[in-house]
Amino acid sequence: MTKSFLCGVIAAGLALTATVSSAATVEAAAARPAEGHEVTDVSLQQSLAAIAATHKGHVVLYAKQLNTGKVVALDSDQPVQTASVIKLAILFEAMEQVRDGKAHWNEKLTLKKDDGVSGSGVLTFFDTPLTLTLKDVLTMMVIVSDNTATNLAIDRFGTSAVNARIAWMGLKDTHLYKKIGKPATEPMPSDQPKFGLGKTTAHEMETIMERIGRCELGKPGEPAQPGDIEICRTALTMLRNQFYRNTIPRYLEKLDTTEEGSGIASKTGSLNAVRNDVAIVAGKDGPIIISIFTYGNEDQSWTADNEAEIIIARLARKIVEAWSPAGIDGRALVPGLGLGAGGASGTSK
């Protein structure tokens, strides 16, 4: 893959925008269910288990329709390797620090020669030193899963701050261990060799993505701040322009005929025997969060037809067809997802 092609990819990705006006906001089909009120969709869960059983590897899954409280789960509390999905936790920490005035989207970060690491992304091919905004760095971390950009973000916020935020959310089995492709700078927990970059569960990563979608910033019960909507809009714009779309979005894009930007906001993670994806799907019958992780996969090919990627896509399609038979509406992918953002109404200003 040539440098010019890679640079072209990132240029195209960064050129994508998702301008959504309040007039385009679509309310969810029903009001938010009472807090903690979740109902397992037993029939759908059985169908998903049958699909997962055909996979030559392991599947863990958690999905929720936010307006109805319907959930499905397959080993959803099993700790798994995150691969690049842990970058969602870094993004959420950035959102909270911008909210608190401790960080700013337009603050400058400097890429130095020794910062470049291999794997996904393009920054490692750029001339250095290079000055980037925090927003640019996070956009590359999300859209093309840029590992060098991720390390710049970790340098900016620190693993301790990210992990403190994870604990602040009440998550017990999610952890960011270290920078990518760099030696650890502090003693590592005993389970780090098993999980690598990070660990999580399908249920806990759904929680992080749900907070981003609902635009739930700050502590529970804390009133929304005037800037919350724009912070969440910035994050959703990154996530809905995800470049890697062979997993959850694979069969779903055709269900959205609104031509108003993608109705799917997602973050993938991949290793040789690992394929993961976590997404918000703006269903016409109500927003859905889908969190799917696969590991121990027999097919370790890096192709669009990797078996694990197809299994994730099939599971996602089954969920959306069951819970949102009317399809997807990209206009509903706004802060709060039409359910109310940070205590405000679903309509964003």
Margin query: Take the residues in region 274-285 that are surrounded by fewer than 24 Cβ atoms within 10 Å (Cβ to Cβ) and farther than 15 Å from Lys318 by Cα; name whichever of them is farthest from the chain's Cα centre (by Cα).
Written below: Lys284
Next item on the list: Take Arg165 and decide whether it is among the charged types (D, E, K, R) and either crowded, with 20+ Cβ neighbours inside 10 Å or farther than 15 Å from Leu111 by Cα (or both).
Entry: yes
Check: Would you say Ser266 is crowded, with 21+ Cβ neighbours inside 10 Å, of a type in the set (Ser, Thr, Tyr) and free of Cβ contacts under 8 Å to residues at least 60 places away in the same chain?
Finding: yes
Check: Looking at Leu255, Leu236, Leu271, which one is buried (at least 20 other Cβ atoms within 10 Å of the Cβ) and more than 16 Å from the chain's Cα centre (by Cα)?
Finding: Leu255
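Anything in region 52-66 that is among the polar types (S, T, N, Q) and either within 19 Å of Thr200 (Cα to Cα) or buried (at least 22 other Cβ atoms within 10 Å of the Cβ) (or both)? List them, or say none. Don't jump to the end; show me each part of the working.
As a first pass, look at region 52-66 and keep what is among the polar types (S, T, N, Q): 54, 65.
Of everything in region 52-66, just one residue is among the polar types (S, T, N, Q) and either within 19 Å of Thr200 (Cα to Cα) or buried (at least 22 other Cβ atoms within 10 Å of the Cβ) (or both), namely Gln65.
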Item checked: Subset tally (residues that are part of a loop (DSSP other than H, G, I, E, B), more than 29 Å from Gly218 (Cβ to Cβ) and out of contact with any Leu (no Cβ under 8 Å at 6 or more places or on another chain)) for region 51-95 -> 6
Notebook entry, point to check: Does region 168-218 hold any residues that are under 15 Å from Lys267 (Cα atoms) and among the acidic types (Asp, Glu), and which are they?
Noted result: Glu204, Glu206, Glu210
Check: Out of (1) closer than 26 Å to Phe195 by Cα; (2) at pLDDT 95 or above; (3) of a type outside the set (Ser, Thr, Tyr), the odd one out for Ala304 is which?
Finding: (2)
Check: If you take the residues in region 307-340 that are in contact (Cβ under 8 Å) with a residue 12 or more places away in the chain and of a type in the set (Asp, Glu), which one is surrounded by the fewest Cβ atoms within 10 Å (Cβ to Cβ)?
Finding: Glu307
Next item on the list: Assess whether Gly221 counts as being surrounded by fewer than 23 Cβ atoms within 10 Å (Cβ to Cβ), at pLDDT below 95 and at positive phi.
Entry: yes
Notebook entry, point to check: Within region 305-320, can you find the residues that are under 21 Å from the mean Cα position of the chain (by Cα) and over 14 Å from Leu271 (Cα atoms)?
Noted result: Ile310, Ile311, Ile312, Ala313, Arg314, Leu315, Ala316, Arg317, Lys318, Ile319, Val320
Check: Counting just the residues of region 257-306 that are part of a strand (DSSP E or B) and among the aromatic types (Phe, Trp, Tyr), which one comes out farthest from Thr200 (Cα to Cα)?
Finding: Tyr295
Next item on the list: Please give the helices (runs of 4 or more DSSP H) falling wholly within region 120-218 in which 3 or more residues are under 18 Å from the mean Cα position of the chain (by Cα), at pLDDT 95 or above and over 30 Å from Ala73 (Cα atoms).
Entry: 134-143, 147-157
Check: What pairs can you find where one residue is in region 97-122 and more than 21 Å from Ser270 (Cα to Cα), the other is crowded, with 17+ Cβ neighbours inside 10 Å and among the β-branched types (Val, Ile, Thr), and their Cβ atoms are less than 8 Å apart, with a gap of 6+ or different chains?
Finding: Val98/Ile231; Arg99/Ile231; His104/Val98; Trp105/Val98; Trp105/Thr234; Leu109/Val137; Leu111/Thr148; Asp115/Thr148
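The values are calculated or read from the model by the stated rules, or taken from the named source; none is laboratory data. Note that this is a predicted model, so its numbers are computed, not measured. For neighbour counting, all protein chains shown are included, and Cβ atoms are generated from backbone atoms with ideal geometry for every residue, glycine included.
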